[in-house]
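The values are calculated or read from the model by the stated rules, or taken from the named source; none is laboratory data. Keep in mind the model is a prediction, meaning the values are calculated, not measured. Neighbour counts are summed over all protein chains in view; Cβ atoms, including those assigned to glycine, are modelled from backbone coordinates with ideal geometry. Ligands, DNA and RNA are stripped out before the accessible areas are found, and what is left, the full protein with its side chains, is counted by its heavy atoms. Shrake-Rupley method; radii C 1.70, N 1.55, O 1.52, S 1.80 Å.
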Amino acid sequence: MSSNARGALLALLAFGIFATHDVFIKVLGSSYSPIQIVFFSVLLSFPLATLSLMRDVTPGTLLPRHPWWMLTRTVAAVVTGFRAFYAFSVLPLAQVYAILFAAPLLITILAVPILGEKVRLRRGMAVLVGLAGVMVVLRPGSTTLELGHAAALLAAVGGSLTSIIVRKIGADERPVVLMLYPMVGNFLVMGALLGTVYEPMPFQHLGMLAVISVFAFFAGLLIISAYKSGEAVIVAPMQYSQILWATAYGMLFFDETPDGGTVLGATIIIASGLYIVLRESRSTDSGTPVLRTRARFETGTFLRPRPRELDREPMPAARHAPETTPSANARPHLRGLPGRVPPVAEPRRHDSD
C-alpha cells in the first residue's frame, strides 16, 4: 500500500471515529446541558493527557512562550466546544457538519490578518462561494433559524481561530502545552457553571462520556499518523467524509433525513473547500493553513500535532558546516538562536491568480 493510500485510510478511520463520537454527544445532549457534557468529557480526558505528558520528551516547562495567543486560543476553545456540543444536541447531524465545514473557508480569511497570508482572486472567490453555500444551508427568511444554527456558526468561527493560532505559534510551543491549556480552561469554566445545570448521571451515561474522551484522543492520534503517512493534499479532504457518516447515523438513530437545501449547501461548501486545498497544494505563497488543519471543534480533549510534525517534505538544506561545529546538526526550527544556522530560503513560485 502506498503512503498516500495509507494516509487516506487512516484519515477516513479517524473521521469515522469522530463522527461516532458526535453521535454520543447528540444522545447525551437530549438529557444534559452542554456544560455538563463538556466538563465530564474533559475531566475523563485528564488521565490520557497525563500519559501524553509522560511520553513527551520535548525539553521545557508547561509555561507557554506566547501567553497572549495561548489565552486567546483557550478562550476560543472554551466557547467553541460548548457551542458545538449544543449544536449537535439540537440540530440534525448533517446540518451541523455542513455549517462546521465552513471552517476551512474561515481559516483562509483569518490567515490574512494573523499569518500575513495573501489570498488571491481565485481563492477569494472560492471562499465567497463557500460562504454562499452556508447561506443555502441556513436559508434565512425561508426557514426558522434557531440558537443551534448560531451555535454551529460560532463553533466554526471559534474552531477556525483556534486552528489558525496553532499555525502561528505551534512551531514554538510544546504539543502538550497546546493540549493542556484548553483542557484546563474548559475544566475551570464549565466546572464553575456546573452547579447551575447539574443533573445526576447513571453509570451508563458516564461510560458514554468516557467513550467520547477515548474516541477523541485516539482519533487525534490517527490524524497525526495520517498526515505523517500521506501528503496533506490527500489527507485533508478526507474530513468531508464525515457528512456521509452524519447522514447515515442521522437516518439510523435519529430519524433525520437531510433536506435538499442542506445537501446543496453542503455540496457547495465542500467543493469550495476542496478547491482551496488544491490551490494551496500547488502554491508556495501560502503557509497552507487549510491543508494542515482539520475542521474540528476542540475542547482540548484530543491531541493536536504541532504543524511541523505534519510535514512530510524535508526541510530546506542548511548551509554546509563542518560536522564538528555545534550548528552542524541543529534543528531547523530553532532559527535565530546562537550557534544555529538558518535554513536557506527558496525562491517563491507565485500563484497565477
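Simple spin-label estimate for LEU252 and GLU146 gives 2.3 nm between the two label positions (7 Å along the Cα-to-Cβ direction from each Cα). Rolling a 1.4 Å probe over the protein heavy atoms leaves GLU199 with an accessible area of roughly 90 Å². For the stretch 1-128, the solvent-accessible area of protein heavy atoms averages 43 Å² per residue (probe radius 1.4 Å; ligands and nucleic acids excluded).
For the pair LEU278 and VAL57 in one chain, pulling the backbone fully straight at 0.36 nm per residue adds 76.1 nm over the alpha carbon distance. Normalised by the number of residues in the stretch 1-151, the average gap of Cα pairs under 8 Å and 6 or more apart makes the relative contact order 28 percent. A Stokes-Einstein calculation at 4 °C with viscosity 1.567 mPa s, built on the Kirkwood radius of the stretch 1-103 over Cα pairs, returns a diffusion coefficient of 79 µm²/s.
Using the Cα coordinates of the stretch 123-282, the gyration tensor eigenvalues translate into equivalent-ellipsoid semi-axes of 28, 25, 18 Å, sorted from longest to shortest.
What full-extension length gain, to one decimal in nm, is calculated for THR50 and SER31 as 0.36 nm per residue of separation minus the Cα-Cα distance? Numbers along the way, then the final one.
Numbers: separation 19, 0.36 × 19 = 6.84 nm, distance 2.98 nm.
Net length gain for the segment: 3.9 nm.
Taken along the Cα-to-beta-carbon direction at a fixed 7 Å, the label points for THR72 and LYS118 span 2.3 nm.
Please give the per residue volume of the convex hull enclosing the alpha carbon atoms of the stretch 46-184, rounded to a whole number of Å³.
Values: hull volume 17.8 nm³, N = 139.
Convex hull of Cα atoms, per residue: 128 Å³.
Full extension of the chain between THR196 and LEU131 yields a length gain of 19.8 nm, computed as 0.36 nm times the residue separation minus the alpha carbon distance. The share of accessible area on the stretch 1-105 that comes from carbon and sulfur is 71 percent, using a 1.4 angstrom probe. The lysines whose alpha-carbon is closer than 21 Å to the alpha-carbon of LYS118, local same-chain residues fewer than 8 away aside, are LYS168. Estimated at the nearest 10 Å², the accessible area of VAL214 is 60 Å² with a 1.4 Å probe. Each residue, VAL184 and GLN204, gets one label point 7 Å from its Cα in the Cβ direction; the gap between the two is 3.8 nm.
The stretch 49-89: Rg/Rh from Cα coordinates, Kirkwood Rh?
Working: Rg = 14.3 Å, Rh = 12.5 Å.
Taking Rh as the inverse mean 1/r over Cα pairs, Rg/Rh reads 1.14.
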